[in-house]
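**Student:** Please find one structure pasted underneath; my questions will follow.
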Amino acid sequence: MIIIATILLGILFVSIPILESNLARSNASNALNVILDKPEEILSPRDNASSLTYSAFYVNHVGTITRYYSMQYSRSQLEQIYREIQSDYYGESDFMLENSHLYYNYSKSAAGTWYAIESSMEDELYTDSLFRTCMLMYVVSLVIVSIMTIYLSKWIIKPTEFAWNQQKQFIADASHELKTPLTVILTNAELLNKTETSSTSQKKYISNILTESHQMKTLITHLLDLARIDRGIPKENFIPVDISGLVTDESLVMEVELFERGHLLETSVDEKLFVKGDLSKLREVIDILLDNAGKYAYDGTTIKMTLSKQYSSNILLSVSNKGDKLSDKELRDIFTRFYRTDSSRSHNGSYGLGLSIAKEIINQHGGMIWAECTDDEIIFKVKLPMLCSHRE
């Protein structure tokens, strides 16, 4: 990119003084043509402004200057200029004498030739100044382009770098989470393989294997869910969903499970709210939020779930529970895969994948999910666009 920008900028800034020089020569040639049409009438009056700028002389067929009009050059100087014109290698291609810094043009007739000349010094100085200015602008532009290219390249590859680092972290975390239950299973299986093991110990080892196997199954299920969601939810799965009815139904299902954990579930649901989405995935989000609240809520406290219309275009689902206050960093990182505020949570089936799954699902529904925290309450909120055809 820098190479292309360098070439394009170079062409641009070099072409500007070249075009200006060609334009100056063209203007000078046109002006000299006007002088050649009537040199005596234009240059004869001494008070004529043209006589201060232009000069003209007439050369007969034998090469002798017979008449001239000039306030700048003497006859001998005009003869020298005439000889230089005769030896000009470029001839009619540019009508310019480099050594004398003059533009010239001529008009032939049967008896002789009229020559008109004009100083090119002012145009050359301007072109030279313009060239230096363009070169300075070229260097400054290259510096700016280089800085912008470096900045933009970092900005462009930042998502890729983030995804790569996230993938490496994901693999490392997944390997760690799978290693622990496998170690427990292998250890208990080796103990079971010993012939002197008693039946009581065998039951204990078998119970450990079953517990770890179930946890491993849960982890693998979550990993598969994440892999499917990362591939994207099929468009044909998006249908009008009665989110009010879905929240009500799931609250009835989860109410029993939460009660067994020592929590009451309190709900407040606005009726006839619809969204467009994947019914099973939205149900999964509700289950994840309620399950998460049940794991982290203080014993014996009430979990609250509300669903309401937000303005006229969105619905807002919130699930709150009494629990330990989270820091701002924890509120940001809580949706990261395998993140747990308490590392010991993995022993009761929590691997830090539920909320990351919920976030991916909501993102693919064009919504937002975030967490808020007061002194003793954690609130998870989900905002989804409401289905237009079902708005009241």
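The values are calculated or read from the model by the stated rules, or taken from the named source; none is laboratory data. These numbers were taken from a predicted model, which means no experiment stands behind them. Note that we place each Cβ from the backbone using ideal geometry, even for glycine, and neighbour counts take in every protein chain shown.
**Student:** Would you check if LEU191 is surrounded by 12 or more Cβ atoms within 10 Å (Cβ to Cβ), assigned to a helix (DSSP H, G or I), modelled with pLDDT under 90 and not hydroxyl-bearing (Ser, Thr, Tyr)?
**Tutor:** yes
**Student:** Working carefully through the options LEU246, LEU252, find the one that is without any contact (Cβ under 8 Å) to a residue 60 or more places away in the chain and either of a type in the set (Ser, Thr, Tyr) or in contact with a Leu (Cβ under 8 Å, 6 or more places away or on another chain) (or both).
**Tutor:** Criteria check complete, one pass: LEU246.
**Student:** Restricting the search to segment 194-210, which residues are loosely packed, with under 11 Cβ neighbours inside 10 Å and part of a loop (DSSP other than H, G, I, E, B)?
**Tutor:** LYS194, THR195, GLU196, SER198
**Student:** Of the conditions (1) of a type outside the set (S, T, N, Q); (2) touching a Ser or Thr at 6+ places or on another chain (Cβ under 7 Å); (3) without any contact (Cβ under 8 Å) to a residue 12 or more places away in the chain, HIS263 fails just one. Which one is it?
**Tutor:** (3)
**Student:** Right, here's the next one. What is the residue count in segment 115-144 for residues that are surrounded by 14 or more Cβ atoms within 10 Å (Cβ to Cβ), over 40 Å from the mean Cα position of the chain (by Cα) and not β-branched (Val, Ile, Thr)?
**Tutor:** Qualifying residue count for the region: 8.
**Student:** Within segment 211-231, track down each residue that is surrounded by 11 or more Cβ atoms within 10 Å (Cβ to Cβ) and not polar (S, T, N, Q).
**Tutor:** If the condition is that a residue be surrounded by 11 or more Cβ atoms within 10 Å (Cβ to Cβ) and not polar (S, T, N, Q), then GLU212, HIS214, MET216, LYS217, LEU219, ILE220, HIS222, LEU223, ASP225, LEU226, ARG228, ILE229 are the ones that fit.
**Student:** Now, a different point. Please enumerate the residues belonging to segment 338-383 that are of a type in the set (S, T, N, Q) and modelled with pLDDT of 90 or more.
**Tutor:** Passing the criteria: ASN363, GLN364.
**Student:** Now for a different question. Which condition breaks for ASP270 when tested against (1) over 30 Å from LEU191 (Cα atoms); (2) touching an Asp or Glu at 6+ places or on another chain (Cβ under 9 Å)?
**Tutor:** (2)
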